[in-house]
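To start, the structure under review is shown below, and the notes come after it.
The values are calculated or read from the model by the stated rules, or taken from the named source; none is laboratory data. Keep in mind it's a predicted model, so treat the numbers as computed, not measured. Every residue, glycine as well, gets a Cβ built from its backbone with ideal geometry; the counts of neighbours run over all protein chains shown.
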């Protein structure tokens, strides 16, 4: 009589089911970790840009026309938004120059009309 080596169909199905369950648990966790890292980078970039705008104002006595004006004297370069972020591409940091000096800050627009600033506590990401 031959000795059989290998796995039965039931054993293979159980292993595949376990791998599927582990994958279903791990994939959403990884996605939320990536989103969390992107949010942290965006907020750090916005704080850096806000500081550069303040330094520019202190030196020049006026606010910059654009974020590009800040480089290379106040920041090395304008940072780029993590890509792809929330399925969007081509997002850039902008300068809010529509108000008085307290609102003259860097922001990112995730959705149309929604401006996210560095101190936004509950952003609509």
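Can you pull out every residue in the stretch 60-81 that is part of a helix (DSSP H, G or I), buried (at least 17 other Cβ atoms within 10 Å of the Cβ) and either over 19 Å from the mean Cα position of the chain (by Cα) or modelled with pLDDT of 85 or more (or both)?
Taking the stretch 60-81 as the starting set, the residues that turn out to be part of a helix (DSSP H, G or I) are 60, 67-70.
After this cut, where a residue has to be buried (at least 17 other Cβ atoms within 10 Å of the Cβ) as well, the list is 67, 70.
Listed by number, the list holds a single entry, 70.
Applying a threshold of 7 Å to beta carbon distances and a minimum spacing of six or more residues, or different chains, the list of pairs starting in the stretch 20-36 at a residue that is on the phi < 0 side of the Ramachandran plot and assigned to a helix (DSSP H, G or I) and ending at one that is modelled with pLDDT of 75 or more and surrounded by 10 or more Cβ atoms within 10 Å (Cβ to Cβ) is empty.
Being assigned to a loop (DSSP other than H, G, I, E, B) and either surrounded by 14 or more Cβ atoms within 10 Å (Cβ to Cβ) or in contact (Cβ under 8 Å) with a residue 12 or more places away in the chain (or both) is the requirement here; does residue 57 meet it? When the stated conditions are applied, residue 57 does not pass them. Taking the stretch 23-51 as the range and being touching a strand residue (DSSP E or B) at 6+ places or on another chain (Cβ under 8 Å) and within 21 Å of residue 65 (Cα to Cα) as the test, the residues that pass are 45, 46, 49, 50.
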